[in-house]
1. When the Cα centres of segment 91-105 and segment 27-46 are compared, how far apart do they sit, in Å?
2. Just the number, please: carbon plus sulfur as a percent of the accessible area of segment 1-85, 1.4 Å probe, no ligands or DNA/RNA counted.
3. Please give the peptides 97-108, 14-25, 29-40 ranked by average Cβ packing (other Cβ atoms within 10 Å per residue), highest first, as a rough proxy for protection.
4. Please give the residues of segment 1-32, grouped as numeric ranges, whose backbone N is less than 16 Å from a label point set 7 Å along the Cα-to-Cβ vector of Gln116.
5. Relative contact order of the chain: what whole-number percent is it, with Cα pairs under 8 angstrom and at least 6 residues apart?
6. Among Val48, Gly16, Val33, whose Cα lies farthest out toward the positive end of the dipole of the chain, if unit charges sit on the beta carbon of Lys, Arg (+1) and Asp, Glu (-1)?
Amino acid sequence: HVQLVESGGGLVQPGGSLRLFCAASGFTFSSAVMIWYRQAPGKEREHVAAITITSGGQSTNYADSVKGRFTISRDNAKNTVYLQMNSLKPEDTAVYYCKAVPFDVSGTTYWGQGTQVTVSS
């Protein structure tokens with residue numbers, strides 16, 4: 001049974017920081033692509049950051065809107081992916097979701113339930 005459980009969201013002032021967590025279980029985490037998305041009210045869900053496993057280690061990519069402010073990382077021993085968010089802006093307010101793309105032939109992907117991040121003074 002696959003589970004993705006996000007946590008770490010909350011209310012923060014502009015310029016502040018938060019660290020999101022996504023704890024995974026039920027699939028081979030170490031070879032899965034892990035992705036953070038977000039969805040603001042009235043907007044489509046958008047990609048924020050992704051971390052993949054490569055022959056040389058790992059690779060990350062970010063949406064232009066968060067480059068230099070957000071950092072995605074993973075701990076394969078803890079089956080957890082993180083999103084460190086610094087210099088937060090009001091426009092970062094959204095529900096943040098974790099998505100897993102396991103390395104298998106089924107092509108099945110999995111989503112967490114989301115965690116709310118609100119940036120406001």
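The values are calculated or read from the model by the stated rules, or taken from the named source; none is laboratory data. Since the structure is predicted, the reported quantities are computational estimates derived from the model, not experimental observations. When we count neighbours, we look across all protein chains shown, and the Cβ atoms used for this are built from the backbone with ideal geometry, even at glycine. Accessible surface areas use protein heavy atoms only, side chains included; no ligands, DNA or RNA. Shrake-Rupley method; radii C 1.70, N 1.55, O 1.52, S 1.80 Å.
1. Going from one Cα centre to the other spans 1 Å.
2. The value for segment 1-85 is 47 percent carbon and sulfur by accessible area.
3. Top to bottom by mean Cβ count within 10 Å: 29-40, 14-25, 97-108.
4. Those under the cut-off are 6-13.
5. Once normalised by length, the contact order is 36 percent.
6. Gly16
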